[in-house]
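Below is one structure, written out as structure tokens; the observations come after it.
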Amino acid sequence: MLLLLPLIFSLKAPSHARTGNNIAVVKSRYDNIELVLSNYHIPYDLINFRDLADKNIFSKYNSIFFPSGIESNYEDNISVKWHGKQISSVKLAKDYFELDEAVFGNNLKNFIKNGGSAYFSGYAYKQMSTAYDNFKFFEDFPFMGIPGRIEANVYDDLAMFSMKGKSFLYMEYPGWIALKDVSNAQVLSESRFETPKGEKSGPISVLLKDGQGEIIYTSYYSTVYSEFKRFNIYRIAGNRVLKKGVELADDHFQKAKGKIIDSFLGWETSRKYYFNIEVGTNTFYFHSDGVPFMYEIYDSDNSLIISREIYEKSQNYTMKSTKRGFCYIKVYPGGKERWKMYSIVSARGAQISPRILKTGKYILYGIAILFLAAFIKVAISRLK
């Protein structure tokens, strides 16, 4: 009887996801993330590099952006005295700051494992490496990239988001971070590119998962507005909303596959993506952080499968397929509201309704009570 109780209470573990969608951006010199966030109407706090020494920074936010060029400026850390036109002394400034990499790395790893999301770009690989030293470089030298246009293959969620398998990117900076490989990471885009050592190929952006959280690292950050950058921004800033979509799949005991997080910008009247479908049951979970939205699903020939407008923030649609392929999902805003994030998650496997689970739990509770009553009755009878 007592052995049944842990099973009963473990049928559905409570969620301990972070609350709120608080976002921080570390002030940087090269990757102007704050400009993009502001134009997407995504609220954020701009913090300084030295703020990273405070471990409470990581408990305050759900998402943190570490753009390329976040190190302290040299001029901030030295004190120069002049006598006429001559330098009389150069010494460290009184408020000299050097990040404790071991402490930062530990704080970052705990942040990700506990469900946080982070974005790193370009030269910020150095800070990411304090916790995730997964980078491999050509000739063990990171700064191999030569400015120029590259043609990158894009995969998985990035391809579904951007609706294309290739992106043409302009690598603006000399000495950009040319990756040979990133271990234990999902490659979102890769390309061939020129280096002083000849033509090479490697990842341009990757997704690394650890515990309940994830990190996007990208060597490319030149263009302010593009589907490539938009994907990166929303994937990290929309951490909380995306998790809600995944939780909807988990609640039905399905495995989340494709994940889209986005919003309608001020001038947009629709957005379109594609999702892979597998043989068997495929379910799409829709969740809005604002007003509900309408959606349409089309097959690979652009023939309409379903069109729905339901005034619910969370909804789902299940379809069965006899072959592997893909479908298109087009979403429309449910009113005049814009800028609010929404998520679409595709999931696979037999769908079990939470109501069935709840009913099953009550049945098990009843059986447990009957067993307990019988046990007590027998025990009392033996005492007489």
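Laboratory data are not the source of any read-out in this text; all were calculated from the coordinates shown. The structure displayed is predicted, hence computed values, not measured ones. FYI the Cβ positions are ideal-geometry reconstructions off the backbone, even for glycines, and counts take in every protein chain you see.
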>> For a quick check: with amide H placed at 1.01 Å from N, whose amide H comes under 5 Å from residue 24's, ignoring anything fewer than 5 positions away on the same chain?
In response: 45, 63, 64, 65
>> Testing the spin-label approximation: label points 7 Å from Cα along Cα→Cβ at residue 265 and residue 330. State their distance in nm.
In response: 2.0
>> Could you give the length gained by full extension between residue 302 and residue 51, i.e. 0.36 nm per residue of separation minus their alpha carbon distance, to one decimal place?
In response: 85.3 nm
> If each of residue 370 and residue 155 carries a label point 7 Å out from its Cα toward its Cβ, how far apart are those two points in nm?
Replying inline: 5.3
> Once you treat every alpha carbon in segment 253-351 as an equal point and sum by Debye, what is log10 I(q)/I(0) at q = 0.13, 0.15, 0.21 Å⁻¹?
Replying inline: -0.42, -0.56, -1.07
> For residue 276 and residue 338, what is the calculated FRET efficiency with R₀ set at 30 Å and r taken between the beta-carbons, to the nearest 0.05?
Replying inline: 0.55
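Using a Förster distance of 56 Å, how high is the FRET efficiency between residue 192 and residue 320, based on the Cβ-Cβ distance and rounded to 0.05? Let's see the in-between values first.
On the way: r = 40 Å, r/R0 = 0.72.
About 0.90, to the nearest 0.05.
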